[in-house]
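Enquirer: Can you read through this structure? Questions will come right after.
The values are calculated or read from the model by the stated rules, or taken from the named source; none is laboratory data. Just so you know, these numbers come straight off a predicted model, no measurement behind them. With ideal geometry, Cβ positions are generated from the backbone for all residues, glycine too; neighbour counts draw on all protein chains shown.
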DNA sequence: GCTTAATGATACCATATTAGTATCTTTTGT
DNA sequence: ACAAAAGATACTAATATGGTATCATTAAGC
């Protein structure tokens with residue numbers, strides 16, 4: 001049960017760092033601070049700026065800064081970006097052969113648990129993470 | 001965020017079916033009822049009997065039955081069998097370069113959410129699933 | 001304007017996990 | 001003896017994730 005993936009993890013740390021520094025931060029700087037492989041970090045940053053979480057500046061003295069207030073970035077957004085729909089995996093078995101005749105208790109229970117987790121994740125934002 | 005995997009799903013359905021029938025059930029019967037590929041189902045059943053969830057009987061008129069009361073089988077046990085430790089993914093970054101100086105808020109928050117999910121999963125057992 | 005240091009875009013490779021298959025042996029009721 | 005079941009084990013395929021490489025584009029600063 002892995003809630004967040006490496007991608008997401010790196011992305012969140014990068015965002016936290018940028019939020020704390022509150023200036024334009026370059027990829028090389030993040031690579032150095034976070035110890036993440038350079039091309040991988042770059043890929044993540046590109047994705048984040050494409051998704052409008054970060055704002056990028058090209059050219060010399062370029063880099064990235066936040067495009068939103070820290071409290072407006074919840075970790076669930078980042079999960080969405082790197083892990084796709086955080087949702088509710090569909091039933092593996094076709095409905096009509098499901099032993100529970102369509103009313104799949106298992107699925108229902110799992111869904112509740114997943115929704116609880118999602119609700120909790122929704123409440124964690126970057127401001128929370130950097131304040132401690 | 002996939003709480004349970006296909007393996008686990010199939011295993012749970014097989015167990016539910018066996019629990020409901022309350023008799024010795026053969027692999028071919030489960031294959032037919034659940035529509036799962038035969039060799040795959042067999043593999044799962046073998047695993048379950050090796051783990052003492054099911055009790056197996058060889059030879060003609062053989063098959064599987066439960067080795068425990070339905071309410072004594074929680075879905076978290078099955079997850080453990082097919083998905084390994086349901087635990088808490090460690091921090092990807094080495095502690096000393098973690099931007100939060102060792103007190104990793106993100107990790108702490110995630111851990112709480114995971115534990116909540118685990119607690120909820122622990123309460124779902126086969127008896128609950130077959131009763132509805 | 002040229003150089004340099006940055007990001008953008010894209011295509012590719014590596015690894016791990018999960019899903020699924022094949023085959024042969026052993027057991028047991030009839 | 002035979003048939004029908006499970007046991008054991010080794011293999012293959014698909015998918016997701018993690019990571020690399022390369023070239024183009026942009027813009028600051030001399």
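Quick grid of which residues meet (1) without any contact (Cβ under 8 Å) to a residue 12 or more places away in the chain; (2) on the phi > 0 side of the Ramachandran plot:
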residue: A:37; (1), (2): yes, no
residue: A:45; (1), (2): no, no
residue: A:48; (1), (2): no, no
residue: A:54; (1), (2): no, no
residue: A:59; (1), (2): yes, yes
residue: A:62; (1), (2): no, no
residue: A:66; (1), (2): no, no
residue: A:71; (1), (2): no, no
residue: A:74; (1), (2): no, no
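Enquirer: Filtering the stretch B:3-19 down to residues that are without any contact (Cβ under 8 Å) to a residue 24 or more places away in the chain and more than 8 Å from DNA strand C (Cβ to nearest atom), which residue is farthest from the chain's Cα centre (by Cα)?
Expert: Here the residue is B:17.
Enquirer: Can you pull out the residues in the stretch A:50-77 that are touching a strand residue (DSSP E or B) at 6+ places or on another chain (Cβ under 8 Å) and buried (at least 16 other Cβ atoms within 10 Å of the Cβ)?
Expert: A:53, A:54, A:56, A:63, A:64, A:65, A:66, A:70, A:73, A:74, A:75
Enquirer: Moving on to the next point. Only one of these conditions is not met by residue A:64: (1) part of a strand (DSSP E or B); (2) within 11 Å of DNA strand D (Cβ to nearest atom). Which number is it?
Expert: (2)
Enquirer: For the stretch B:23-49, which positions are in a loop (DSSP other than H, G, I, E, B), at pLDDT 95 or above and either within 10 Å of DNA strand C (Cβ to nearest atom) or out of contact with any strand residue (DSSP E or B) (no Cβ under 6 Å at 6 or more places or on another chain) (or both)?
Expert: Once the filter is applied, which keeps residues that are in a loop (DSSP other than H, G, I, E, B), at pLDDT 95 or above and either within 10 Å of DNA strand C (Cβ to nearest atom) or out of contact with any strand residue (DSSP E or B) (no Cβ under 6 Å at 6 or more places or on another chain) (or both), the stretch B:23-49 yields only B:23.
Enquirer: Please give the number of the condition residue B:84 fails out of (1) over 15 Å from the mean Cα position of the chain (by Cα); (2) surrounded by fewer than 16 Cβ atoms within 10 Å (Cβ to Cβ).
Expert: Here residue B:84 meets the rest and fails (1).
Enquirer: If you don't mind, another one. Can you pull out the residues in the stretch B:30-42 that are touching a helix residue (DSSP H, G or I) at 6+ places or on another chain (Cβ under 9 Å) and either exposed (fewer than 12 other Cβ atoms within 10 Å of the Cβ) or within 16 Å of residue B:18 (Cα to Cα) (or both)?
Expert: The answer is B:30, B:31, B:33, B:34, B:35, B:36, B:37, B:41, B:42.
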